[in-house]
Every structure is written in C-alpha cells, then in structure tokens.
Amino acid sequence: MRYVYRFGNYYYGKGRLARADGSARMSAILGGKGAGLAEMTNIGIPVPPGFTISAELCIRFLKTGKYPKRLLQEVKEGMKFIEEVTGRKFGNPDRPLLLSVRSGAKVSMPGMLDSVLNLGLNDETVEGLARLTNNRYFAYDSYRRFIEMFGEVVLQIPREEFEKILEEEKKTLEKIKVPKAIKYQNQISCQEFTENSLQRIIKRYKEKVLQIIKKPFPQDPYEQLWQTISAVFKSWNNERAVEYRRIYNIPENLGTAVNVQAMVFGNMGETSATGVVFSRNPADGSNEPYGEFLINAQGEDIVAGIRTPQPIEWLKATHPKNYAQLLKILKKLERHYRDVQDVEFTIEDNRLWILQSRRAKRTPQAAVKIAYDMHKEGLISKEEAILRISAKEVEALLHPKLEESVKVLPVAKGLPASPGAVSGEVVFNSSKAIKLAKRGKKIILVRTKTSAEDVGGMAHAVGFLTATGGMTSHAAVVARGLGKPCVVGCANLYIDEQAKKALLGSQPIKEGMVITIDGSTGNVYLGALPTKESEFSKEFLAILRWADSIRKLNVRTNADTPKDASLARKFGAEGIGLCRTEHMFFGPKRIQAMREMILAPTPEQRKKALEKILPLQKQDFFEIFKAMDGLPVAIRTLDPPLHEFLPKDEAQIKKLAQSMKLPIDKVKQTISQLQEDNPMLGFRGCRLGIIYPEITEMQARAIFEAACEAIKQGIKVLPEVMVPLVGSEKEFIHQKQIIDRVANLVMAKYQIKVNYLVGTMIEVPRAAVIADKLAKHADFFSLGTNDLTQTVFGYSRDDIGNFLPQYLELKILEHNPFQTVDREGVGSLIKTVIKLARRANPKIKIGVCGEHGGDAESIVFFHQIGIDYVSCSPHRIPTARIAAAQAALSEKQKS
Ligand code: PEP
Ligand code: MG
C-alpha cells in the first residue's frame, strides 16, 4: 500500500507525465480534488505538479497522532518530483518552490476543511520570489497572506489578531493620506498597503506569533509543510465540518486527503492571468463558454470582488494562444466527464495551467437544456439525460418566478428555504394573518421565527419571511410542506412586534406594506414585483416525453374542478385519481343547500335539500368528464366531518335557522351534537353515506347522469366511484350496493351503458389488514396515504407541526412522514395490501392518491413495490413523470 500519489504535467523541458499514480476512480483514497487532478493528468490537461496524501491516513492519524514511517520517505520523493518538474527548489532562496496544501474529501464539503497557500515562504525565500517574479510587492503580500493562513489554520491563532494589526496599519496609512483611488469601500485590501507597510505588517505578525505560541514563526519550509499536513487532517474534526457532515449525512470515517501542489502565479505581470470558466452557460445552459478572468491577479482576487473581472471572451484579445488552448481543454474535459465543467485556470507567464475542474452547478433551466443538448450531441443517452434532472429541479421549474425584466435591487437577503416568488402584505402575527387572508388579502407572514402556533397563519399566508432560522427551521419545513415560498434567516430583518413595525435592511416596514419574496434566491424586495407562471421549454417537454416512454407507473391527478382537470391534462395527467367531491359544496349557493341537508330533521327534507345539490354536482362531473375525455376519473363520495360545513358565528346560525324555518335553538343543538373531540376519527368517510344513504344515492346519480349525458355528446367516460375511509367488508358492500343500484337505474333511464368501476380507499390500518376480503368486491384500491400515515403513526395530520421540527432535529424522524412515505411502517403495510389484494383479485388496480403520490422519493418506493398509478396535484405531475422514469431506470441499472 502506498500513501503518496503523484499527479501533474509539466512543460519544463521534460514532456509530460504519462500517467498519474491515481485516477478518477480512486476518490475514496485521493478525495474528489485529488482524483480530479490525477484524472486530468491522465488525459493530458496541463496541471501543476503535486501529490496527494491518501485520505486513509487521515482517520489513522486522528486516532494515533502518528504517521507511518514510510510516509516521510514518500513525501520526500513526492517533493523531489515537484522540484524536478518545476525546476524550483523548496526553501531555495534563488528559485523558491511554493506550495498549496489543500484538503479534499471524497464528498465535497465546500469551505468546511482547511487549506494553506504560498507555503514555503520565509524571510529568505520571500526575497527570492521577489527577484523571480520581479515584483517585490507581490512577494511580500504573498508572505503576509501565508503567515495569516498558517497562523490561523496551523497555529490556531484567531484571525482577529492579524486583522487588528492590519486595521492599525491601515489607519497609519490614512494619516499619511493614501490616494483615494486605491481604497475600496472600507475593505482591507492588500492594495492599500505599500511595500514598506507590508514589511512592517509581516514583522508585527511574526511578533504576534511569538507572543501567542511562545515560539517563532517556523522558517524551515519542511516544518511548515508537516505542520500543515497535520492541520489539514485535523480540520476533518473541526466543529463546522462535523456539523456539515451531520446535516448532509456524510460518513465520519471517510477522512480527507491532502493535496500538495506547486503554486503557479497569475500575478507575474501582464503575461499572467487567472480566471474561472464554465464549459457552458450555467444560467441558461447555452453551449458557449461562460466565465471571467483578471490579468495579473491571483484566484482569490476574483472571489474578493476588489477588482472587476472581465468576460472570458476578452482573453482572446490579450492571450490568443492561451484562449484557444483553454477552449480546447474545456471541450476535452466536457467530453471526458460527459458533463458541464467549472474550471479554475491560471496563466503564469503565458503558460496555461488548469487548477481544478469539477461538475458545474447550474440552474434548473440550464440543467434541462444541457441534458437535452448533450443527448442530441451524442454525449449521453436519453436515459442519462432523464437521470441528470432532479425532482427538486423539476419542482423549481414550475414555481412562479420573477419576470426577467425586473431590475429592482433587493432590500435584504436571507436563505432560500422554499422556492417561488410571491408578493403580499406584511403581517407580523398569525391570528391577524388568518383574519386578513379570510378577507381575501394576500399576506406575507413576517416573523422573527415561526413556531407551532403559527401553523394556522402559515396555512393562510401566501409566503413567509423570518429573521432567524436555517433551511430546516420550522418555517422552512412547514413552507416546503405547504409548497409556499419562504425566506428564512434574513439577518437584516429586525421586528418590533409590539409596535407592529420592522426594519428590513435600512428600510422601515409597517404592517400592510407590500413586499415580494423570492424563495428561490432568498431575495426580499419592496413592493409587488411582476411574477410569471413558468413555461415549459421545448427541451423540457422532450425530456418529459422520453420519461413517459420509460416509466411503468401511470400518473394521474387529484383535481376537483374542471379547471384543475384541464391544467393537469396539460401537464400530462393520465386521468384523475382523486376528485374530492366535498370541495364542490363550498360555493355560497351550494353551502346553503349542504347545510339544509345536514340539518334536515327528516329523510324527506334531506332528500329535498339533496335535490338542490344534484344538478350542480352533475354539471361539475360533466365538465370534468369532458376535460378528461378518454381518461379514467375516480370520484370519491363525501368524506369530511359534517361540522366542517356548518356556520360558526351567531349571525350566520340565525340566518340559517330562519331560512330553514327552524327554531334557532334546535339548529344550535344539532351543530353542537356534530362537534367532535376527534373529528378525523369521527363521523366521516363512508360512515356518512351509511348513516345517510341519500347522500351516496345523490352523488351516484350525479355521476352516472353526467356520464350518460357526456357519452351522448360523444365524450369517452371511464368513471371510477371510490368509497372513503372503509374499515370493514360490510361498509364497502353497503356503499357498493347503493352505487350499483343507482348506476343501473340511470343507465336504464338513459338506455346507455357506462363502463364504470367501484373501488375503495385504503386509508385505515384495518382496511389494509383485510385487503384480501375487500379486494373480492372492489375493482380498484386507492391508497389514501395521508390518513393511512395519520392512523398508522397515530399522528394527527393537522397537529404534527407542534413537534415535527424537534422530531427532525432529534432525528427521531428522518423526514416528515406526511411528505415522504414512511417505508418502514406505512410502506410495509402497503406491501401487505398489494400482496393480499392481488392474491384475492389478480385484476385489481392499485393506486396512491395521498400527498405522497407527488413526492419523488415516495414515487421510487411505489414503483418498486408494484403500484399501478400515483395521483397528485396538477403542478406535481411533471415531477412525478420524471421520478417514475428515474425509478424504472435505476431498477434497470441494478438488474
Ligand atoms: C388521504 O387520506 O390520503 C386522501 C387522499 O384523502 P384526504 O386527504 O382527502 O383525506
Ligand atoms: Mg383520506
């Protein structure tokens, strides 16, 4: 076993290294960065020479504090290799070799682990560097930066100690009036200093080091190197890295590799430059290089934003040969990795070096275009193109966004916790949010943080903004669950709830003022900015079609209105999996009839009230059948507890009593009788249709009459009538008999045959356990995973917000089980359902119509266990189509 793996190409008269000691496949040993450097070497990309110390040593060193003896020898050989290649010598005052020593784990942990640059500088080599580069200023500034980095990372000296010195020097300079032109917005920039002041700073830095660690700053380059290697290994266990691994579930035992590499300098004058370039545009995906560079600069100057970089195309004018070479390299890297690359490069004295190439991060729009284009260019297969787009990206494509023409600057910025852009009036407390939303106002709930008591307000607001909290804070979790835009952790937001005002950036905000939040970027704007519904690009439509040809799961929609049904069809729905009929009763005319039906003292009166509802409901069904011409439509009979339809305030109760010519006390008594302690487990679902068979009769009539009339007009209808909350065989038989009887009557009346199915929801555990018995009578099952999750866990669907954030934090729950199906509990029950049902009735169709039907992770599971279709809200259909195809593909890959 070896510990040190060399990489890098060289131009210094010796040709190039035929192969590195490692390759891309060795990321467990070399880390992502080391494996990348090795791979680039192997394909002939000019990479500054260096070596990677194996990540396997990291954990061993952290445990024992020692290195194996052989490492010393291997590092020496590695150094010899770098020296030979570069023609420079480590610690040599004439041609000093400087090193970068960087961390690099197998899984990228950006900014979490430590690195040190310019290593090898000391009081002598700094002079050598000055001569070599003909730039004293640069040499001293590099030394200054090195002491700072080494001081902080290796010697553990707080950064502020150095910053204090810089501040003081800056003040001295101000006294001697440095020209304004080289001062930049109060930032401490090296360019504010003169060579003399840099020398003074270095002297003071060294004194500080001596004072704090009681030892002089190490002048021996090898001592610097070994101390740094140890410090980089140790940084694996620093607090922020441990926290990062916890959040992203990165295994503790991976360890980091250490990359020791020759420094190249982009700041050796006009012949040098540094830059970052993407092989395609990461914002819109167009196939042209996109990036920027600075002449005579170091990489960090681009990041620091002190000088404005130039667009990459301009490099053609200043360094035409290097530019042409860079373009070739970009293409080569892209072809090799078969994906868009994000490349860091440096030109040192007209010589181009590639420092890093990694998979480019991109917007969802770009992800789609790139996947499509790369397939068309023959780089990737259709299957790979589908796998390149995540469900999250598809979701983001569907959220409303700010119009591109908007050029307004944000007043504040927080974390983008839940995507989409929305405008609304600021309200600082939840009860007010509910009140105003009920009056039809669009509200943005603005809180320092949200908690369980805000859930009601959040259900009514269009978006949320909080001053504190991270991506898994209460507000973020609830917002994503609700699919509403949310910005959290907006540090520039100060709220005075008592006074009902706030400060957003420097802008005072009062309740009622309109703001716009963009949950995709974290930006917050004043006023209502124009947003637009997302449109599908031709590339996205093509990928969706490819996905359709691969997936096995059918994708239906949950839709209660003809409008939603048409929208869903546009998104590719293959039918309706759940039409919740209760939603049709909430209009002002209908609710009155519904209330009369509920309060009717006799069955006759109830029938009369139902007669009023029948034509309305029939019309709805007709329109839905029309919108879904040729596709199945599953309509569910009435489900929710009746009290949800009844008035709560005195005036409305009085009005209702008067209209029904009933004594007000009688009405009040019925209302209070219908109040339940536990309504979700109360008088609801098929229990309603059993106690009041007239309701099921009316609904069945509306369904079949609408179906017959649609058929008369040449529409192809495939109605599926679905009974909710069934827990026993007899409950289902009772309802099915009514439905069949009414269907036969209506078909006889119209002299038309309707091909219909009758099935049941499976949403209580008892139904799951007796699935074989139910399957003997049912044509289909639809898994109501919302209620099934509620009843299997015993968690109230409406109250989980009270403890969910803490449960997630404590990892008692891995995720919200109402969002992503709980495979272990609910999932295993569903598997039982499928097994029992198919055994008893091999022809039975089994679908999922709970929220999980639109959740990508759950869809993978449903595919694996052999569900026939999922049904979800219209906006989630594209995600479901892609996720279903991805599930089928990953199964194929495994087999
Ligand atoms: C369910 O319980 O999963 C379901 C789809 O029905 P509802 O959400 O209407 O209770
Ligand atoms: Mg349900």
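The values are calculated or read from the model by the stated rules, or taken from the named source; none is laboratory data. Everything numeric here is computed off the predicted structure, so don't read it as measured data. Backbone-built Cβ (ideal geometry, glycine too); neighbour counts: all protein chains shown. Remember, those area values only see protein heavy atoms, side chains included, never the ligands or the DNA or RNA. Shrake-Rupley method; radii C 1.70, N 1.55, O 1.52, S 1.80 Å.
When residue 871 is evaluated against the numbered criteria (1) within 16 Å of ligand 2 (Cβ to nearest atom); (2) closer than 17 Å to residue 795 by Cβ; (3) not aliphatic (A, V, I, L, M), which criterion, by number, is the only one it fails?
Tallying (1) within 16 Å of ligand 2 (Cβ to nearest atom); (2) closer than 17 Å to residue 795 by Cβ; (3) not aliphatic (A, V, I, L, M), residue 871 fails exactly one: (2).
Mind checking which pairs have a first residue in region 230-253 that is over 14 Å from residue 31 (Cα atoms) and open to solvent by less than 20 Å² (accessible area, probe 1.4 Å) and a second that is assigned to a helix (DSSP H, G or I) and among the aliphatic types (A, V, I, L, M), Cβ under 6 Å, 6 or more apart or different chains?
Between residues of region 230-253 that are over 14 Å from residue 31 (Cα atoms) and open to solvent by less than 20 Å² (accessible area, probe 1.4 Å) and residues that are assigned to a helix (DSSP H, G or I) and among the aliphatic types (A, V, I, L, M), the close pairs are 231/153.
I'd like to check something: does region 798-812 contain any residue that is within 12 Å of ligand 1 (Cβ to nearest atom) and either in contact (Cβ under 8 Å) with a residue 40 or more places away in the chain or out of contact with any His (no Cβ under 7 Å at 6 or more places or on another chain) (or both)?
Yes, there is a match, as at least one residue in region 798-812 is within 12 Å of ligand 1 (Cβ to nearest atom) and either in contact (Cβ under 8 Å) with a residue 40 or more places away in the chain or out of contact with any His (no Cβ under 7 Å at 6 or more places or on another chain) (or both).
Are any residues in region 350-372 closer than 23 Å to residue 102 by Cα and outside any strand (DSSP E or B), and if so, which ones?
Across region 350-372, the qualifying residues are 360, 361.
Please count how many residues of region 424-442 are more than 18 Å from residue 414 (Cβ to Cβ) and either of a type in the set (D, E, K, R) or surrounded by 24 or more Cβ atoms within 10 Å (Cβ to Cβ) (or both).
Residues flagged as more than 18 Å from residue 414 (Cβ to Cβ) and either of a type in the set (D, E, K, R) or surrounded by 24 or more Cβ atoms within 10 Å (Cβ to Cβ) (or both) within region 424-442 amount to 8.
Taking residue 600 as meeting all but one of (1) over 30 Å from residue 714 (Cβ atoms); (2) within 16 Å of ligand 2 (Cβ to nearest atom); (3) not basic (Lys, Arg), write down the number of the exception.
The failed condition is (2).
Would you tally the residues in region 373-413 being modelled with pLDDT under 90, buried (at least 20 other Cβ atoms within 10 Å of the Cβ) and not in a helix (DSSP H, G or I)?
Residues in region 373-413 being modelled with pLDDT under 90, buried (at least 20 other Cβ atoms within 10 Å of the Cβ) and not in a helix (DSSP H, G or I): 2 in total.
Working carefully through the options 305, 269, find the one that is open to solvent by less than 30 Å² (accessible area, probe 1.4 Å) and modelled with pLDDT under 95.
None of the others qualify; the one that does is 269.
Name, by its number, the condition in (1) within 14 Å of ligand 1 (Cβ to nearest atom); (2) closer than 21 Å to residue 707 by Cβ; (3) in a helix (DSSP H, G or I) that does not hold for residue 748.
Condition not satisfied by residue 748: (1).
Applying the selection to region 833-845, what residues are away from ligand 2 (no atom under 16 Å from the Cβ) and touching a helix residue (DSSP H, G or I) at 6+ places or on another chain (Cβ under 9 Å)?
Hits for region 833-845 are 834, 835, 836, 837, 838, 839, 840, 841, 844.
Return the pair list, or none, for Cβ contacts closer than 8 Å from residues in region 768-796 that are more than 17 Å from residue 823 (Cα to Cα) and in contact (Cβ under 8 Å) with a residue 40 or more places away in the chain to residues that are open to solvent by 20 Å² or more (accessible area, probe 1.4 Å) and within 13 Å of ligand 1 (Cβ to nearest atom), at least 6 apart or on different chains.
Sorted first by the residue in region 768-796, then by its partner, the pairs are 796/680.
Within region 62-113, which residues are open to solvent by less than 60 Å² (accessible area, probe 1.4 Å), assigned to a helix (DSSP H, G or I) and aliphatic (A, V, I, L, M)?
Correct list: 62, 71, 75, 79, 82, 85.
Determine, yes or no, whether residue 449 is out of contact with any His (no Cβ under 8 Å at 6 or more places or on another chain) and open to solvent by 60 Å² or more (accessible area, probe 1.4 Å).
It is false that residue 449 is out of contact with any His (no Cβ under 8 Å at 6 or more places or on another chain) and open to solvent by 60 Å² or more (accessible area, probe 1.4 Å).
Identify the residue in region 706-740 that is at negative phi and among the small types (Gly, Ala, Ser) and, among all such residues, is farthest from ligand 1 (Cβ to nearest atom).
Filtering region 706-740 for residues that are at negative phi and among the small types (Gly, Ala, Ser), the one farthest from ligand 1 (Cβ to nearest atom) comes out as 710.
What about residue 624, is it part of a helix (DSSP H, G or I) and within 37 Å of the chain's Cα centre (by Cα)?
Yes.
Within the set of pairs 6+ apart or on separate chains, which have a first residue in region 745-765 that is touching a residue at least 12 places away in the same chain (Cβ under 8 Å) and of a type outside the set (D, E, K, R), a second that is open to solvent by 50 Å² or more (accessible area, probe 1.4 Å) and within 16 Å of ligand 2 (Cβ to nearest atom), and C-beta atoms under 6 Å apart?
From residues that are touching a residue at least 12 places away in the same chain (Cβ under 8 Å) and of a type outside the set (D, E, K, R), the pairs are 765/792.
Out of the residues in region 751-774 that are open to solvent by 40 Å² or more (accessible area, probe 1.4 Å) and of a type in the set (D, E, K, R), which is nearest to ligand 1 (Cβ to nearest atom)?
766
Cβ-Cβ under 8 Å, sequence separation 6+ or interchain: first residue in region 867-895 and farther than 16 Å from residue 541 by Cα and open to solvent by 20 Å² or more (accessible area, probe 1.4 Å), partner among the β-branched types (Val, Ile, Thr) and not in a helix (DSSP H, G or I). Which pairs?
868/846; 873/557
So which of 276, 258, 232 is closer than 17 Å to residue 149 by Cβ and part of a strand (DSSP E or B)?
258
Any chance you could count how many residues in region 831-871 are of a type in the set (Gly, Ala, Ser) and part of a helix (DSSP H, G or I)?
6
With (1) assigned to a helix (DSSP H, G or I); (2) without any contact (Cβ under 8 Å) to a residue 60 or more places away in the chain; (3) away from ligand 1 (no atom under 16 Å from the Cβ) as the list, and residue 547 as the residue in question, which single condition is left unmet?
The failed condition is (2).
Residues in region 849-858: is at least one out of contact with any Leu (no Cβ under 6 Å at 6 or more places or on another chain), more than 16 Å from ligand 2 (Cβ to nearest atom), over 24 Å from residue 893 (Cβ atoms) and not β-branched (Val, Ile, Thr)?
No, because not a single residue in region 849-858 is out of contact with any Leu (no Cβ under 6 Å at 6 or more places or on another chain), more than 16 Å from ligand 2 (Cβ to nearest atom), over 24 Å from residue 893 (Cβ atoms) and not β-branched (Val, Ile, Thr).
On the given criteria, is residue 846 of a type in the set (A, V, I, L, M, F, W, C), at pLDDT 95 or above and under 24 Å from the mean Cα position of the chain (by Cα)?
It is false that residue 846 is of a type in the set (A, V, I, L, M, F, W, C), at pLDDT 95 or above and under 24 Å from the mean Cα position of the chain (by Cα).
Each row is one residue, and each column tells you yes or no for (1) out of contact with any Cys (no Cβ under 7 Å at 6 or more places or on another chain); (2) more than 16 Å from ligand 2 (Cβ to nearest atom); (3) assigned to a loop (DSSP other than H, G, I, E, B).
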position	(1), (2), (3)
761	yes, no, no
766	yes, no, no
777	yes, yes, yes
782	no, no, no
790	yes, no, no
798	yes, no, yes
808	yes, yes, no
811	yes, yes, yes
817	yes, no, yes
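Pull up region 775-792, narrow it to residues that are away from ligand 1 (no atom under 13 Å from the Cβ) and in contact with a strand residue (DSSP E or B) (Cβ under 6 Å, 6 or more places away or on another chain), then point me to the one that is nearest to residue 554 (Cα to Cα).
Selected residue: 780.
Can you find a residue in region 721-730 that is within 16 Å of ligand 2 (Cβ to nearest atom), modelled with pLDDT of 95 or more, within 23 Å of residue 576 (Cα to Cα) and part of a helix (DSSP H, G or I)?
Looking through region 721-730, none of the residues is within 16 Å of ligand 2 (Cβ to nearest atom), modelled with pLDDT of 95 or more, within 23 Å of residue 576 (Cα to Cα) and part of a helix (DSSP H, G or I).
Can you tell me how many residues within region 35-61 are under 17 Å from residue 9 (Cα atoms), open to solvent by less than 10 Å² (accessible area, probe 1.4 Å) and part of a loop (DSSP other than H, G, I, E, B)?
Total meeting the criteria: 5.
Do you know which residues across region 493-531 are open to solvent by 20 Å² or more (accessible area, probe 1.4 Å), farther than 30 Å from residue 364 by Cβ and among the small types (Gly, Ala, Ser)?
Within region 493-531, 499, 506, 512 meet the criteria.
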